[in-house]
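Heads up, the thing below is written out as structure tokens.
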Amino acid sequence: MTDRLKGKRIIITGAVSNIGKEAVRAFVAEGARVVIGDRDPNGARTAEEFGPDVTFIQVDVTDEQSIKSLIEDGARWLGGLDVLCQNAGLQHSGAIVDFDAAKWDALFAVNARAHFFGAKYAVPHLRASGKGSIINTSSVAGKRGGPGMVGYSASKGAVIAFTTALALELAPDNIRVNAICPGWVDTAFNSPAINFMGGKQSQEKVVASIVPLGRQAASSEIAPLFVYLASDESSYVTAQSIAIDGGVYN
């Protein structure tokens, strides 16, 4: 441990598994205290894995009052708030002619609207801290979409636009806002896209052909960017949507 985040108080959504869980692991290793917000009740077990500096609060990110409670109760447990990581996400894939409105609305509720709720209730706490960092999880799909990804890409593109506008709004408060845009990451989260592409073997061929590094990332390769944006090392970084994708977006 190098204590890059010593004293930092962090709330993160969507952190029971995949990229979010690895971000929590990295936060704790660098000295932070963390509140995990997730709808999965197994979050309590995840928090126990990381010890007394991590706790779990169940949340439904599609519900405004649930997010408000997460922020208020989380900040109370932490004794304040320095970093909000909005990592909860949803993926649906399908051709536009077969895509129904319910899936479209669900994507925007989880991937976009929830970011609005989180920021709305976190900003007063970040202002009280004198500075802060909001880290939104978008996707390379929000920068450059692909077949079968219209709904997902649109929702993640909304996160990028939201991040830029919010960063400019909060800059006078010394609150930085950035987005992380992962490319292909080897997690169960991508199952809908993999199924649309014809299965794992077909997906791996596509990855090999379009990713300059020739492979998917592990979740642990995304986590260090969360640490950087949460730390004071990134004190002059705001309004950025940073691709971490093996060279796809260039």
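The values are calculated or read from the model by the stated rules, or taken from the named source; none is laboratory data. This structure is a prediction, so every number in the text was calculated from the model and none was measured. Positions of Cβ are generated from backbone atoms using ideal geometry, with glycine treated the same way; all protein chains shown enter the neighbour counts.
Annotation note: Cβ proximity below 7 Å between a residue of region 202-224 that is of a type in the set (D, E, K, R) and a residue that is assigned to a helix (DSSP H, G or I) (sequence gap 6+ or interchain) occurs for R215/V207.
For the subset of region 78-106 comprising residues that are in a loop (DSSP other than H, G, I, E, B) and under 22 Å from L166 (Cβ atoms), which member is farthest from the chain's Cα centre (by Cα)?
Step one: filter region 78-106 for residues in a loop (DSSP other than H, G, I, E, B), giving 79-82, 87-95, 99-100.
Filter once more, so that each one left must be under 22 Å from L166 (Cβ atoms): 80-82, 87-90.
Values: G80: 21, L81: 17, D82: 16, N87: 2, A88: 6, G89: 7, L90: 11 Å.
Among those that are in a loop (DSSP other than H, G, I, E, B) and under 22 Å from L166 (Cβ atoms), it is G80.
Looking at V24, V34, just one residue is farther than 19 Å from V123 by Cα, crowded, with 19+ Cβ neighbours inside 10 Å, of a type in the set (V, I, T) and without any contact (Cβ under 8 Å) to a residue 40 or more places away in the chain, and that residue is V24. From the list A75, A128, A119, A109, pick out the single residue that is in contact with a His (Cβ under 8 Å, 6 or more places away or on another chain) and in a helix (DSSP H, G or I). Going through A75, A128, A119, A109 in turn, just one is in contact with a His (Cβ under 8 Å, 6 or more places away or on another chain) and in a helix (DSSP H, G or I): A75. Within region 37-66, restricting attention to residues that are under 18 Å from V83 (Cα atoms) and acidic (D, E), the residue that is surrounded by the most Cβ atoms within 10 Å (Cβ to Cβ) is D38.
When Y236 is tested against (1) surrounded by 13 or more Cβ atoms within 10 Å (Cβ to Cβ); (2) aromatic (F, W, Y); (3) at pLDDT 90 or above, just one condition goes unmet, and that condition is (1). Taking (1) among the hydroxyl-bearing types (S, T, Y); (2) touching a residue at least 24 places away in the same chain (Cβ under 8 Å); (3) surrounded by fewer than 22 Cβ atoms within 10 Å (Cβ to Cβ) in turn, S69 satisfies each apart from (2). Residue count for region 1-20 satisfying the condition of being within 17 Å of Y228 (Cβ to Cβ), part of a helix (DSSP H, G or I) and not small (G, A, S): 1. Counting only residues that are in a helix (DSSP H, G or I) and surrounded by fewer than 17 Cβ atoms within 10 Å (Cβ to Cβ), how many does region 165-175 have? Here the count works out to 6.
With respect to the conditions (1) within 25 Å of L107 (Cβ to Cβ); (2) buried (at least 18 other Cβ atoms within 10 Å of the Cβ); (3) out of contact with any strand residue (DSSP E or B) (no Cβ under 9 Å at 6 or more places or on another chain), F226 falls short on a single one, namely (3). For region 96-114, the condition holds for at least one residue, the condition being that it is surrounded by 16 or more Cβ atoms within 10 Å (Cβ to Cβ), within 25 Å of G145 (Cβ to Cβ) and at pLDDT below 95.
When you go through V211, V140 one by one, which is the residue that is among the β-branched types (V, I, T), modelled with pLDDT under 95 and more than 17 Å from the chain's Cα centre (by Cα)?
On the way: V140 fails: more than 17 Å from the chain's Cα centre (by Cα).
One residue alone meets the criteria, V211.
How about region 176-199: which of its residues are in a strand (DSSP E or B) and within 14 Å of the chain's Cα centre (by Cα)? Break it down stepwise before answering.
Residues of region 176-199 in a strand (DSSP E or B): 176-182, 185.
Of everything in region 176-199, those that are in a strand (DSSP E or B) and within 14 Å of the chain's Cα centre (by Cα) turn out to be V177, N178, A179, I180, C181, P182, V185.
The residues of region 135-157 that are of a type in the set (A, V, I, L, M, F, W, C), buried (at least 20 other Cβ atoms within 10 Å of the Cβ) and in a helix (DSSP H, G or I), listed by number, are V140, A141.
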